[in-house]
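Chemist: Here it is, the structure in full.
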Amino acid sequence: MENQNKKYIIPIVMMFALFFMISFVTGLQNPMAVIVKNQFEMSNFLSQLGNFANFIAYLCMGIPAGMMLQKIGYKKTALTAIVVGFVGVGISYLSGMISSFPVYLCGAFVSGFSMCMLNTVVNPMLNTLGGGGARGNQLLQIGGCCNSIGATIVPVLVGAMIGDAARARISDATPALFLAMGIFFLAFLVLFFMNIPEPHLQHNDDKKQPHSPYSFRHFNLGIIAIFIYVGVEVGIPNIMNLFLTSQETVGGLAIDAAVAGTVVGTYWFLMLVGRFIGAAVAAKFTSKHMLVFTTVCASILVLLAIFMPQTMVNMPVFKSDISFGLAEVPVNVIFLVLCGLCTSVMWGSIFNLAVEGLGKYTARASGIFMMMVCGGGLLPLLQGFVADKVGFMSSYFVVLAGVIYMLWYAIFGSKNVNKDIPVE
């Protein structure tokens, strides 16, 4: 087994790179929203359309991606996803060259197809390359860390490229787009020439089942919770970035885009910290207890962000000249950044509660969960609309409502009331 793991060391590294790329390409829509808002003089609502296009692709591609995995296997699915991702980022680059918002939306949508396909394949593929068991789980944890690192870096990197948000253009993000295409190209070459084990490539039994995951009430309520969760996770930093680079901060002055990017990057970094903490205490607390605790904490933090008077506090940041120092940001934003510690473990907790007792229906339930990632495009769009009407901080009532639903689900909605359905 040890020799087999060494044999796959290069594709394992490529899987880590793809974990990084999933969050990097998805996270690009955060600073890009600031760019398109200023370049095309758009509302907060319209600035979130790129994020919407990226995530709505999950709704379209979730089930087909799972079917591809079953029919053509890990390698061909991954190679197809990489090609689609390269094309999607290439379209985004083209949108910068011709200064076209519709082309930018097209690029975001195509990239979303790729991210959905990669999300479907990289987790089981990395586990298989590691030989399963403890080694496979260890590799998945490392992959998750690479994912968080990508999410942390992208707003800082693109924020530094933007500099003055008021003068930002899509073309300013060209180096980040070239980096993404380069990693995609390298990953394609490596995987194309490697032999990958395909233990799950099989012809499925098409025998019709009398029930499905939808037969379970707690699962139905759970997919609503995961839809809301992704919207909350993405909406908090996306709208925060728009707020920091707007005229609504203290004194009516927009904050430098590099500073704003670092603040947003800190949110994603705290999600990485939260995942380490969650992994350390997971053996002592149930998913229900973890979800109750984190949603209560998140509710308090969001309420403080909404109602706390806007005063400036110092925070360590990267500035537009790539120097490191202190910059003043509204204290409200600090509370939103701290929400990253809470959102870090919510996905796993909701997933575990929703599939509890599903037995043979769990695999199909996982594919349905992937479709619900589209909440990351829809709820920030709604929040942007609310921000246009009543202001940025008040728009976080949308986030608060979502967090309260997840709290209700943890306490009441997650109970399995359909134990009479056979799952063996």
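The values are calculated or read from the model by the stated rules, or taken from the named source; none is laboratory data. Quick caveat, the model's predicted, so the values are computed rather than measured. Methodologically, a virtual Cβ is constructed for each residue, glycine included, from the backbone with ideal geometry; neighbour enumeration extends over all protein chains shown. All accessible areas refer to the heavy atoms of the entire protein, side chains included, with ligands and DNA or RNA removed. Shrake-Rupley method; radii C 1.70, N 1.55, O 1.52, S 1.80 Å.
Chemist: Only one residue in Ile91, Ile98 is in contact with a Gly (Cβ under 9 Å, 6 or more places away or on another chain) and open to solvent by 30 Å² or more (accessible area, probe 1.4 Å). Which one?
Modeler: On the way: Ile98 fails: in contact with a Gly (Cβ under 9 Å, 6 or more places away or on another chain).
That would be Ile91, the only listed residue that is in contact with a Gly (Cβ under 9 Å, 6 or more places away or on another chain) and open to solvent by 30 Å² or more (accessible area, probe 1.4 Å).
Chemist: Here's a follow-up. Conditions: (1) at pLDDT 85 or above; (2) open to solvent by 30 Å² or more (accessible area, probe 1.4 Å); (3) outside any helix (DSSP H, G or I). Leu341 meets all but one. Number of the miss?
Modeler: All conditions pass for Leu341, except number (3).
Okay, residues lined up against (1) open to solvent by 10 Å² or more (accessible area, probe 1.4 Å); (2) of a type in the set (D, E, K, R); (3) outside any helix (DSSP H, G or I):
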| residue | (1), (2), (3) |
| --- | --- |
| Thr26 | yes, no, no |
| Met32 | no, no, no |
| Met42 | yes, no, yes |
| Ile56 | yes, no, no |
| Met67 | yes, no, no |
| Lys76 | yes, yes, no |
| Val83 | yes, no, no |
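Chemist: Hey, can you tell me all the residues within region 143-183 that are in a helix (DSSP H, G or I), of a type in the set (D, E, K, R) and at pLDDT 80 or above? Can you show your working first?
Modeler: So the first thing to find is which residues in region 143-183 are in a helix (DSSP H, G or I), and the list is 143-162, 165-167, 170-183.
Still in the list and also of a type in the set (D, E, K, R): 167, 172.
Matches in region 143-183: Asp172 only.
Chemist: Then there's this: Checking the condition among the aliphatic types (A, V, I, L, M) and within 20 Å of Phe188 (Cβ to Cβ), which residue from Leu49, Leu69 passes?
Modeler: Values: Leu49 fails: within 20 Å of Phe188 (Cβ to Cβ).
Step by step, each of Leu49, Leu69 is checked, and only Leu69 is among the aliphatic types (A, V, I, L, M) and within 20 Å of Phe188 (Cβ to Cβ).
Chemist: While we're here: Determine whether region 404-414 contains at least one residue that is closer than 17 Å to Pro237 by Cα, open to solvent by less than 60 Å² (accessible area, probe 1.4 Å) and among the polar types (S, T, N, Q).
Modeler: no
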